[in-house]
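The values are calculated or read from the model by the stated rules, or taken from the named source; none is laboratory data. Keep in mind that what you see is a predicted model, and the values were worked out from it rather than measured. Because the Cβ atoms are built from the backbone with ideal geometry, glycine has one as well, and the counts that use them run over all protein chains shown.
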Amino acid sequence: MDILNISMQAQEIIVILVTIFIIISLYLEKFPPALTFFMGVAFLLLVGILKPEEALKGFGNDQIMTIMLLLVVCGILNKSALPEQFFQKVFGNVSNLGSFMWRMMLGVGILSAFVNNTPIVAFLIPFVYSWSKSNNIAPSKLMIPLSYATVLGGTVTLIGTSTNLVVNGLTVDAGYKELKMFDFTVVGSIQAILGIAYMYFFRNRILPNRADPLDTFKKSPRSFLVEGRIKSGSKLMNKSVESANLRHLKNFFLVEIIRNNETISPVSPKEILLEGDILIFAGDVKYISDLVSDQKELHFPKTLNIKAQNATQLIETMLLPQSSLIGQTIKECDFRGKFDAAVVAIHRRGEQITGKLGDVLLKQGDVLLLFTGDDFETRTENSEDFFTINKIEKEESLPVGKSWMVLIGFACCIVLSALSIVNLFQGLLILLAVIIFTKTISFREMHNLVDYNLFILAALALALGDALTKTGAATHIANGILSVVGQWGAVGALAAIYLITMLITEIMTNVAAATLAFPLGISMANSLGISDPKPFILAIAFAASACFLTPVGYQTNLMVYGPGGYKFSDYFRVGLPLSLLCMGVCVIGLSIIYNLI
């Protein structure tokens, strides 16, 4: 189909329909975000609304490439021991919730202004979780503040979050001057300070005091499951459960017996045990090694038998909401073959689960106890299936000298970029060349740090933005919004674009929200006769990062969802006042700075 045969009005309708499809698809999560954008852009290319060079130009955008290089450098820094040393100095020997909380939020807020949010949260979740456990404080008091503080800190500089860099790429692509490193700092700093103060002073009212999800087995002993099989020649054969001493096990409970694919539950003390019976135990995961040692007549999974005494192989992971494993059994997804890890126990908060481990349908928020192989870290490094809650075995850190080299090099990139001596893309490229030359990490490790999904999504999002602009769809939508808020002038328009972007970002990725809102913001500024649309551009960047109302709007919110034992509504209760606070600061601050009032 040729674009010449389609009227401008028809083109506009098609682009709007494609945009609606993308929004609905992202909300329903039927497809990965990158695939959703690919389908939308491919259709626009097919009907001729976009030319091939317009659809593909995002892949050569230096701002998007900067995002990729920045994520790689941050990933390398995360392998260093320096962040751990930093947080140890920040926290010291604090044992009080209030003191720990403000130090944590201030520390991560400052660090996230220059380092990507996700690795900071990934590094700190086990640390914060362990601290809360050792001080008898519910993790739910700390996990949301951890995530929100990194989000707030990320808005302080251009490189604090990938959203800001994507918006910068859109800005340059639209023909405007690129954003400076500290264009975000005044408003972002005020937001961060007030946001952290809000969570600190209202912590007892807004944050739930919820039981640790890994401790609920104390109230529901059926939560953790471990299975063993009566092997040939076992002394347990033809004995009753009671006479086999399986009636009153220490720290474990015999939940059910599976015999010839039929379940026997509840298990009678008089039940006779037969060869091949699969016994399902539930109880405290810490005593698995004791169960294996005591029950020598049972055959446990091979990995469990070999490694039960080796605690360094024990890893607890939580299934993320976007995991491809959800709705599958462990057998169906070939868990061992895919991840080089054996699932030896499952915990599901507040719900009884039965049956063989391999046949349990996995659900969002399930905590899996894994014994891992040597290749587990490599295979799961960029996995979106689950997140490691507790890993006793410590990852090998970069040597101290090379860690300092990377950190100092990164700081030089930031300073030189801020002074407009060397742009950030060039600086990071040189730094990565030095990292490869000095063999700080291998090229394979560096390759694994690249987020290809984000790269594809950001590149295709630029193409969609072009389609919205060139067909006039963005202008018509913007004029419709202005017809409602026009009586409040530029300030009203600024508030409207902030609110729209903020609502969109709660139901899809923040990068997608910024991309969809950007052409609207530019059109609104043009319609109002504002020559420099920078306040609208910055408002979109701030709003796209303001993901406080749901756990699905931002990756770090998802990461703390399971470890904190949260409900969906917890985010709304904590996040609504914070969202309104940030909106007020942003709209008023930008209006004053850019003389819109």
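For region 139-161, filtered to residues that are assigned to a helix (DSSP H, G or I) and in contact with a Gly (Cβ under 6 Å, 6 or more places away or on another chain), the residue that is surrounded by the fewest Cβ atoms within 10 Å (Cβ to Cβ) is SER140. Listed by position, the helices (runs of 4 or more DSSP H) inside region 487-597 whose residues that are at pLDDT 90 or above and out of contact with any helix residue (DSSP H, G or I) (no Cβ under 8 Å at 6 or more places or on another chain) number at least 2 are 568-593. Only one of the listed residues (LEU56, LEU111, LEU69, LEU46) is farther than 30 Å from LEU179 by Cβ and at pLDDT 75 or above. That residue is LEU46.
Out of GLY188, GLY195, one residue alone is in contact with a Leu (Cβ under 7 Å, 6 or more places away or on another chain), closer than 15 Å to VAL585 by Cβ, part of a helix (DSSP H, G or I) and not aliphatic (A, V, I, L, M). It is GLY195. Does ILE24 satisfy the criteria of being at pLDDT 70 or above and β-branched (Val, Ile, Thr)? Judged against the criteria, ILE24 is a match. Residue selection: PHE100 fails the criterion of being outside any helix (DSSP H, G or I), aromatic (Phe, Trp, Tyr), at pLDDT 75 or above and more than 30 Å from GLN11 (Cβ to Cβ). Figure legend. Inter-residue proximity from region 573-597: first residues within 15 Å of LEU499 (Cβ to Cβ) and among the hydroxyl-bearing types (Ser, Thr, Tyr), second residues surrounded by fewer than 23 Cβ atoms within 10 Å (Cβ to Cβ) and modelled with pLDDT under 90, beta-carbon distance below 7 Å, spacing 6+ or different chains. Indicated pairs: SER579/LEU549; SER591/VAL491; SER591/ILE597.
Assess whether TYR554 counts as being hydroxyl-bearing (Ser, Thr, Tyr) and within 19 Å of THR163 (Cβ to Cβ).
Values: hydroxyl-bearing (Ser, Thr, Tyr): yes; within 19 Å of THR163 (Cβ to Cβ): yes.
In short, yes.
So, in region 394-448, how many residues would count as being at positive phi and hydroxyl-bearing (Ser, Thr, Tyr)? Outline the logic, then answer.
So the first thing to find is which residues in region 394-448 are at positive phi, and the list is 420, 439.
From what's left, hydroxyl-bearing (Ser, Thr, Tyr): 420.
Residues in region 394-448 being at positive phi and hydroxyl-bearing (Ser, Thr, Tyr): 1 in total.
Taking the criterion of being among the charged types (D, E, K, R), free of Cβ contacts under 8 Å to residues at least 40 places away in the same chain and in a helix (DSSP H, G or I), the only residue of region 39-79 that qualifies is GLU53.
Across region 470-486, what is the total count of residues that are in a loop (DSSP other than H, G, I, E, B) and at pLDDT 75 or above? Full working, then the answer.
Step one: of region 470-486, the residues in a loop (DSSP other than H, G, I, E, B) are 471-472.
Then drop every residue that is not at pLDDT 75 or above, which leaves 471.
So the count comes out to 1.
Close Cβ contacts (under 6 Å, 6 or more residues apart or on different chains) running from residues in region 167-189 that are farther than 20 Å from ALA458 by Cβ to residues that are of a type in the set (Gly, Ala, Ser) comprise VAL187/GLY589. Counting just the residues of region 514-545 that are hydroxyl-bearing (Ser, Thr, Tyr) and either under 27 Å from the mean Cα position of the chain (by Cα) or closer than 20 Å to ILE16 by Cα (or both), which one comes out surrounded by the fewest Cβ atoms within 10 Å (Cβ to Cβ)? In this case the residue turns out to be SER527.
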